[in-house]
1. Read through the list (1) under 14 Å from residue 159 (Cβ atoms); (2) assigned to a loop (DSSP other than H, G, I, E, B), then give the number of the only condition that residue 124 fails.
2. For the range 142-169, which residues satisfy the criterion of being assigned to a helix (DSSP H, G or I), in contact with a helix residue (DSSP H, G or I) (Cβ under 6 Å, 6 or more places away or on another chain) and without any contact (Cβ under 8 Å) to a residue 60 or more places away in the chain?
3. Could you tell me whether residue 74 is touching a helix residue (DSSP H, G or I) at 6+ places or on another chain (Cβ under 8 Å) and either over 28 Å from residue 153 (Cβ atoms) or surrounded by 15 or more Cβ atoms within 10 Å (Cβ to Cβ) (or both)?
4. Anything in the range 171-201 that is more than 21 Å from residue 158 (Cα to Cα) and touching a residue at least 40 places away in the same chain (Cβ under 8 Å)? List them, or say none.
5. May I ask you to say which residue of 131, 103 is in contact with a helix residue (DSSP H, G or I) (Cβ under 9 Å, 6 or more places away or on another chain) and at negative phi?
6. Condition test on residue 104, is it crowded, with 20+ Cβ neighbours inside 10 Å, part of a helix (DSSP H, G or I) and touching a residue at least 12 places away in the same chain (Cβ under 8 Å)?
7. Is it the case that the range 128-140 has a residue that's modelled with pLDDT of 95 or more and within 20 Å of residue 73 (Cβ to Cβ)?
8. Every residue in the range 147-168 that is under 12 Å from the mean Cα position of the chain (by Cα) and over 19 Å from residue 75 (Cα atoms), please.
């Protein structure tokens, strides 16, 4: 595994000259999420009488509409967004906005189910305690990439594969996230404006991290699948010959 600075440097190299499409991709995604959720918040703010059942029912209707939109639209877009940054890193493809939609909705139902299943599992683990939820979110963090790189796998198998890739690497990813703490606080003091630069930077670095753990996992799988006959024989040390001390009596006539 590389050092954190290597992942961040690779991300900066990929984003050099491409910050504008990266920020635009974030603006598009954020705009879609706001369109889905703002009506619910507006209805909630206008609900002054909690005993007005008709108004409360209207608020809940908008809530479920927003949740359905988040699942059916924002979920696949998120899959598309993180893989668009991966494609920028790996292939230099700067069509981030179009890839955000093309990748995300290219295998729409598969991505919807993967997003839903991962969200449910993290939520259920979070009910046990806060820390298990964080650990499992790190364990499942590669799922969005796997859904695209291995489309033949079911959503459940994609999550299992993410767990396999992240075995012994969850702290590495957490430590990578900690490296963006300064950017996070900068986003807060800029009233969220810095967020549009933070997410592309962090997601591109995470894509580099994914490439690393994926290569390590594939190398281990190849070695495990290699026939025993084709593996090199272990080099054995030559047998140690016992050195016998000479006895003068051996040369005397018997």
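The values are calculated or read from the model by the stated rules, or taken from the named source; none is laboratory data. Please read all numbers here as calculations on a predicted model, not as lab measurements. Glycine gets a Cβ as well: all are built from the backbone with ideal geometry, and neighbour counts include every protein chain shown.
1. Result: residue 124 fails condition (2) only.
2. Our first condition is that a residue be assigned to a helix (DSSP H, G or I); within the range 142-169, this holds for 143-149, 155-165.
Checking the rest, the ones that are also in contact with a helix residue (DSSP H, G or I) (Cβ under 6 Å, 6 or more places away or on another chain) come to 143-148, 155, 158-159, 161-163, 165.
Result: 143, 146, 155, 158, 159, 161, 162, 163, 165.
3. yes
4. Of the residues in the range 171-201, the ones more than 21 Å from residue 158 (Cα to Cα) are 175-201.
Within the range 171-201, 175, 176, 179, 195, 196, 197, 199, 200, 201 qualify.
5. 103
6. So residue 104 fits the description; yes.
7. Scanning the range 128-140, I find no residue that is modelled with pLDDT of 95 or more and within 20 Å of residue 73 (Cβ to Cβ), so the answer is no.
8. 161, 163, 165, 166
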